[in-house]
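First up is the structure itself, then whatever we jot down about it.
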Amino acid sequence: MNRNPYLQKQPANWWVKNPYYRFYMLREGTAIPLFLYSLLLLYGVYALTQGESVFNQWVAFLRSPGMIIFQLITFLAAVFHAYTWFELVPKILVLRIGNHRVPDFLIKVSHWGACIFCTVIILVSAIYFL
């Protein structure tokens with residue numbers, strides 16, 4: 001006797017009905033402009049290897065109004081993604097000291113502090129070495 005498992009029918013837009021899933025899909029959707037921007041930067045590295053004129057054309061392309069809008073959207077997507085990631089960290093990283101759980105607030109603050117510290121180090125290094 002051949003028995004097939006029961007597969008519940010689910011519409012393609014099942015996630016639209018729940019605000020939690022809508023927010024999750026929005027957060028995950030921010031990866032698309034970030035991926036495209038990564039490809040754009042990768043092409044910039046390629047243009048740099050092709051000579052000054054090709055690189056200058058790429059820079060001029062980045063200054064076009066459409067690309068400025070795209071870069072703004074990508075920046076906002078990156079900020080949104082980073083903010084939501086830092087908000088999720090206490091749910092993912094549960095720290096215990098003895099029998100006590102480290103408060104979510106301390107975990108968030110320590111991650112934001114580490115982010116700011118690393119950003120300052122990178123900026124100072126870039127200014128010093130360039």
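The values are calculated or read from the model by the stated rules, or taken from the named source; none is laboratory data. The shown structure was predicted, so the numbers you read here are calculated from the model rather than taken from an experiment. Every residue, glycine among them, receives a Cβ derived from its backbone with ideal geometry; neighbour counts consider all protein chains shown.
A few comments on the model shown:
- Residue within the range 112-122 that is touching a residue at least 12 places away in the same chain (Cβ under 8 Å) and out of contact with any His (no Cβ under 9 Å at 6 or more places or on another chain) present: yes
- Test: Phe80 is at pLDDT 90 or above and loosely packed, with under 10 Cβ neighbours inside 10 Å: no
- Verdict on Lys91 being within 23 Å of Leu34 (Cβ to Cβ) and surrounded by fewer than 10 Cβ atoms within 10 Å (Cβ to Cβ): yes
- Qualifying residue in the range 63-78 (condition: aliphatic (A, V, I, L, M), farther than 28 Å from Tyr20 by Cα, without any contact (Cβ under 8 Å) to a residue 40 or more places away in the chain and not assigned by TED's automatic domain parsing to the domain that holds Glu28): no
- Taking the conditions (1) within 19 Å of the chain's Cα centre (by Cα); (2) among the hydrophobic types (A, V, I, L, M, F, W, C); (3) exposed (fewer than 10 other Cβ atoms within 10 Å of the Cβ) in turn, Leu40 satisfies each one other than (3).
- Residue in the range 34-53 that is out of contact with any His (no Cβ under 9 Å at 6 or more places or on another chain), more than 21 Å from Ile116 (Cα to Cα), outside the structural domain of Ile116 (by TED's automatic domain parsing) and β-branched (Val, Ile, Thr) present: yes
- Qualifying residue in the range 49-58 (condition: of a type in the set (Gly, Ala, Ser) and surrounded by 13 or more Cβ atoms within 10 Å (Cβ to Cβ)): no
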